[in-house]
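For reference, the structure is listed below as structure tokens.
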Amino acid sequence: MTLPRVVNALWEDLQSVREEILEEVEGLSQAQADWRAGEDGWSAGEILHHLTLAETATGKLTSKLLKDAGQEAAPFPADLTEFAPLPPWPSAPPMEAPSLVRPEKGHPIERLLADMKGARERSRQSVERLASVDPRPLTWTHFALGELNLAQWWMLQARHDRDHLEQLRAIKVSPGFPKS
């Protein structure tokens, strides 16, 4: 499916940051994937699991919002050339992940990567569905950012991936990170 330009740009952003994440974790051993810099920090494996859970939740939200809108959903407007920006992230200390996207530790790295790639394949279908409707009236409240429209939820996914990409990079240069 050919995506409208603005949706295609969103998809390319999602893909770009995901490629960087996959490059960052390429070749990690199980010991490296499970290693934590401290008691409160997440391992690389937990970050991958969290990102997959979050992306899956965004896909499910897409399905819910589109189902709720039903036949009332307006088609994607031909003149929509940009999406509203995301609200600024609260400056408070890092927040605990909601239970829906809280990761588990100890999953095999191969499974984490396969699950992440599978979630992205399903996300393409969700983004194609997004491209068929006007996403602006389809809203859901985010626990920290307030009401976001469907396009903003997918923009948040890309931003969220970027934040955790930096976390992955920091883990890999932390003192004590296993050599293999």
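The share of accessible area on the chain that comes from carbon and sulfur is 52 percent, using a 1.4 angstrom probe. For the range 1-89, GluC sites (Glu not before Pro) meeting the loop criterion (DSSP other than H, G, I, E, B) and having at most 12 other Cβ atoms within 10 Å: 26, 39, 82.
Other residues with beta-carbon under 13 Å from the beta-carbon of residue 76 carry, at +1 per Lys or Arg and -1 per Asp or Glu, a net charge of 0. Cross-link check: pairs 60/105; 60/117; 64/117; 105/172; 105/179 evaluated at a Cα-Cα cut-off of 26 Å; no pair lies beyond the cut-off.
Label reach from residue 23 (point 7 Å along Cα→C-beta): in the range 151-172, amide nitrogens under 14 Å belong to 165-166, 169. With a simple spin-label model that places each label point 7 Å from the Cα along the Cα-to-Cβ direction, the separation between residue 145 and residue 40 comes to 2.4 nm. Summing Cβ point charges (Lys, Arg +1; Asp, Glu -1) relative to the Cα centre of the range 22-180 gives a dipole of roughly 240 debye.
Exposed loop sites here mean trypsin sites (Lys or Arg not before Pro) with a DSSP loop assignment and at most 14 other beta-carbon atoms within 10 Å; the chain contains its longest site-free run at 1-104.
Put a dot 7 Å past the Cα of residue 159, heading toward its Cβ, do the same for residue 72, and the two dots end up 2.8 nm apart.
At a Förster radius of 30 Å, what calculated FRET efficiency corresponds to the Cβ-Cβ distance of residue 174 and residue 16, to the nearest 0.05? It comes to 0.75. On a per residue basis, the range 83-180 carries 56 Å² of accessible surface, using protein heavy atoms and a 1.4 Å probe.
Residue 53 exposes around 50 Å² of accessible area when a 1.4 Å probe is run over every protein chain in place.
For the range 1-101, the dipole from Cβ point charges (+1 on Lys and Arg, -1 on Asp and Glu) about the Cα centre works out to 420 debye, to the nearest 20. Evaluate the relative contact order of the range 17-137 (contact order divided by residue number), counting alpha-carbon pairs under 8 angstrom at least 6 apart; express in whole percent. Taking the mean separation of contacting Cα pairs over the length of the range 17-137, I get 42 percent. Among residues other than residue 50 whose Cβ falls under 10 Å from its Cβ, what is the net charge (Lys/Arg +1, Asp/Glu -1)? That works out to -2.
The values are calculated or read from the model by the stated rules, or taken from the named source; none is laboratory data. Here the structure is a predicted model, which is why all the values come from computation and not from measurement. Positions of Cβ are backbone-derived with ideal geometry, glycine not excepted, and every protein chain shown enters the neighbour counts. Side chains included, ligands, DNA and RNA excluded: accessible areas come from the protein's heavy atoms. Shrake-Rupley method; radii C 1.70, N 1.55, O 1.52, S 1.80 Å.
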